[in-house]
Amino acid sequence: MALSSITDTRQYLTFALGQEVFALDVSHAREILEYSTVTKVPQTPDFMKGIINLRGSVVPVVDMRLKLGLVETEKTVDTCIIIVETDFDGEGAIIGALVDSVREVFELESQHIEAPPKMGTSLKMEFIKGIGKQDENFIIILDTDKVFSAEELALICGQERDDQIMRTATG
């Protein structure tokens, strides 16, 4: 979804990664969980922290700091997992996004959102929907359908399906 498609007032869930504030459209956030034990899955990318059991479903958890090129998330009392619904091959995929803390839900009008700056061709900016302004602060608005490449979602969702098949076969 391009910036030109943001034409009205929308609600965004903001979260912190270090000193930076990010946001995602609240319609993609299903729930917020306290950080709990994450089971590591072998041979997955570093940003893939593992999986959790969410009411009987296997949900992959991604460290958003590592995914966005920052240092690994340190677990604190504020660390949480945002359960995000994203689109993968026309189907909904559920992913847990590990973040430092959740801030607030707020409304942002389209005139307070600018296109991401052009920073050269070597930087991946396609997952940034826009840069919002709240008071004097910038908020990086993420496009949840583009934060993960198709290959990454195939890896994550493929592992989730394999785990569900194994549980069904053994259970």
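Quick note: the coordinates plus some simple rules give every number you see, no bench work behind them. In this text the structure is predicted, and so the values were computed from the model without any measurement. Don't worry about glycine lacking a Cβ; one is built from the backbone with ideal geometry, like all the others, and counts go over all protein chains shown.
With a ≥ b ≥ c the root eigenvalues of the C-alpha gyration tensor of the stretch 1-147, is it rounded (a/c under 1.5), prolate (a/b larger than b/c) or oblate? Display every interim value, and only then the final one.
Working: a/c = 1.57, a/b = 1.55, b/c = 1.01.
Prolate.
Could you pull out which residues in the stretch 86-118 have an amide N less than 11 Å from a spot 7 Å beyond the Cα of S57, following the Cα-Cβ vector?
Zone members listed by number: 86, 92-96.
Students often forget the sequence filter, so: which lysines lie under 21 Å Cα-Cα from K75 once same-chain residues fewer than 8 apart are removed?
By straight Cα distance, K75 reaches K40, K49, K67.
To make sure I understand, if each residue's beta carbon is the centre and we count other beta carbons within 10 Å, what order do T14, T76 fall in, fewest to most? Don't skip to the end; give the middle numbers.
Values: T14 23, T76 10.
If I rank by nearby Cβ atoms, fewest first, I get T76, T14.
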